[in-house]
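Heads up, the thing below is written out as structure tokens.
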Amino acid sequence: MTEVKTGARVLGVAAALAAGVAYGLGGTVSQIIRAQGFEVNHIVIAQFLVAAVVLGVANVARGGFGVGMKGALKLMAVGVMAVASSFCYYHAIDLMTVGSAVAIQFQYVWIVVLIASLVDRRAPNLWTTISSLVIIVGSIMASGVVDEVLTGAFVLNPLGIVFACGCAVTYGLFIFLNGRIEIDKPPISRAFFMVLAGAIVSSAVSFDFYTGSCDIVGLIPGGLVMGLIMGVLPSFCMAIASARLPGGVVAVLTSVELPAAILSGAVVLGEPLSILVAIGAAAILLAIGVSELSSTIGNGKAKLRRRVGESG
């Protein structure tokens with residue numbers, strides 16, 4: 001039984017890291033698509049539509065969705081949090097610098113830890129708390145906010161702050177609820193209903209996508225890539241991770257998104273990489289490593305105590 005739990009944790013960790021990396025790469029891809037003249041709202045719709053179609057076909061191929069009506073509605077409610085987070089983030093970066101928006105958005109890490117602590121009435125693990133604090137500091141550096149302050153480019157827009165905070169809260173709720181609702185159902189089924197909600201909500205918000213204001217044919221290539229990177233992969237991976245790991249741990253692990261975004265931006269888009277940004281990214285990776293190392297050591301000690309107890 002212990003080996004199963006260990007294997008489940010390893011799978012959960014790998015899935016959470018994969019989801020974070022996918023989100024990080026997706027930011028770079030979205031910038032490339034936006035540079036071609038497509039609107040953010042239309043990119044989001046294409047992202048969720050492609051993901052819903054791919055995951056829907058996959059579920060049909062495997063013999064069904066395996067989720068009842070009530071469970072499906074609950075999962076769709078979780079999906080609403082995901083699309084709300086996306087819209088809030090994109091509107092935030094339209095009103096303020098990307099660095100400022102990211103720095104605020106990354107507060108989701110401690111928000112998840114706090115929500116889990118209040119609901120479970122249990123203080124978070126010491127190393128999870130330390131890792132969360134390091135990630136918050138690292139995100140402020142890695143987002144470029146410090147560089148913006150030093151160069152005088154730092155500007156805070158009140159409405160932008162509201163959207164960025166909304167992004168942090170909704171994404172935090174997405175991670176927390178993802179680990180509490182229908183976790184015994186197949187990840188591919190859970191992911192489908194979440195992205196389906198995203199497709200419905202995003203379409204309702206920007207219905208002009210279907211009335212000729214968007215070059216849908218021209219958006220197909222980018223939409224397919226975004227659907228896979230920002231829809232299918234992270235939704236499926238988050239469904240796996242959230243069913244196997246505490247919400248606080250998932251929040252810490254998915255913070256690899258920012259280093260992935262920085263690296264992909266530098267390599268693909270040629271974005272400048274300052275020393276402070278690099279240090280911040282390294283701090284995030286270090287915090288993730290320390291958090292997992294402490295968990296591994298803790299699990300090892302727990303195993304040893306159980307074995308000693310059984311032999312006694």
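The values are calculated or read from the model by the stated rules, or taken from the named source; none is laboratory data. Quick caveat, the model's predicted, so the values are computed rather than measured. No Cβ is skipped: glycine too gets one built from the backbone with ideal geometry, and neighbour counts run over all protein chains shown. Surface accessibility is based on the protein's heavy atoms, side chains included, excluding ligands, DNA and RNA. Shrake-Rupley method; radii C 1.70, N 1.55, O 1.52, S 1.80 Å.
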**Study point:** Entirely in segment 127-218, the helices (runs of 4 or more DSSP H) that have 3 or more residues that are of a type in the set (S, T, N, Q)
**Key:** 187-205
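Look through Ala58, Ala84 and report the one residue that is at pLDDT 90 or above and either within 24 Å of Ala204 (Cα to Cα) or not in a helix (DSSP H, G or I) (or both). Spell out the reasoning first.
Working: Ala58 fails: either within 24 Å of Ala204 (Cα to Cα) or not in a helix (DSSP H, G or I) (or both).
Unique residue meeting the criteria: Ala84.
Val268: among the β-branched types (Val, Ile, Thr) and open to solvent by less than 70 Å² (accessible area, probe 1.4 Å), yes or no?
Working: among the β-branched types (Val, Ile, Thr): yes; open to solvent by less than 70 Å² (accessible area, probe 1.4 Å): no.
No, not satisfied.
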Study note, to complete from the structure: Per the filter on segment 1-32, residues modelled with pLDDT of 90 or more, open to solvent by less than 30 Å² (accessible area, probe 1.4 Å) and in contact with a Pro (Cβ under 9 Å, 6 or more places away or on another chain) are Ala15, Ala19, Gly20, Ala22
Check your understanding: Hey, Gly99 hits all of (1) open to solvent by less than 20 Å² (accessible area, probe 1.4 Å); (2) in contact (Cβ under 8 Å) with a residue 60 or more places away in the chain but one; which does it fall short on?
Key -> (2)
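Can you name every residue in segment 30-52 that is of a type in the set (D, E, K, R) and assigned to a helix (DSSP H, G or I)?
Going residue by residue through segment 30-52, those that are of a type in the set (D, E, K, R) are 34, 39.
Once the filter is applied, which keeps residues that are of a type in the set (D, E, K, R) and assigned to a helix (DSSP H, G or I), segment 30-52 yields only Arg34.
Please go through segment 158-176 and give me each residue that is out of contact with any His (no Cβ under 7 Å at 6 or more places or on another chain) and open to solvent by 50 Å² or more (accessible area, probe 1.4 Å), ordered by number. Quick ask: steps written out before the conclusion?
Taking segment 158-176 as the starting set, the residues that turn out to be out of contact with any His (no Cβ under 7 Å at 6 or more places or on another chain) are 158-162, 164-176.
Once the filter is applied, which keeps residues that are out of contact with any His (no Cβ under 7 Å at 6 or more places or on another chain) and open to solvent by 50 Å² or more (accessible area, probe 1.4 Å), segment 158-176 yields Pro158, Leu159, Ile161, Val162, Cys165, Val169, Leu173.
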**Study point:** Test result for Phe207, out of contact with any strand residue (DSSP E or B) (no Cβ under 7 Å at 6 or more places or on another chain), open to solvent by 10 Å² or more (accessible area, probe 1.4 Å), under 30 Å from Gly68 (Cβ atoms) and free of Cβ contacts under 8 Å to residues at least 40 places away in the same chain
**Key:** yes
Exercise for review: Answer yes if at least one residue in segment 131-141 is buried (at least 20 other Cβ atoms within 10 Å of the Cβ), touching a Phe, Trp or Tyr at 6+ places or on another chain (Cβ under 6 Å) and more than 15 Å from Gly247 (Cα to Cα), and no otherwise.
Suggested key: yes
**Study point:** Filtered residues of segment 102-130 (kept if open to solvent by 40 Å² or more (accessible area, probe 1.4 Å) and of a type outside the set (Val, Ile, Thr))
**Key:** Gln107, Trp110, Leu114, Leu118, Asp120, Arg121, Arg122, Ala123, Pro124, Asn125, Leu126, Trp127
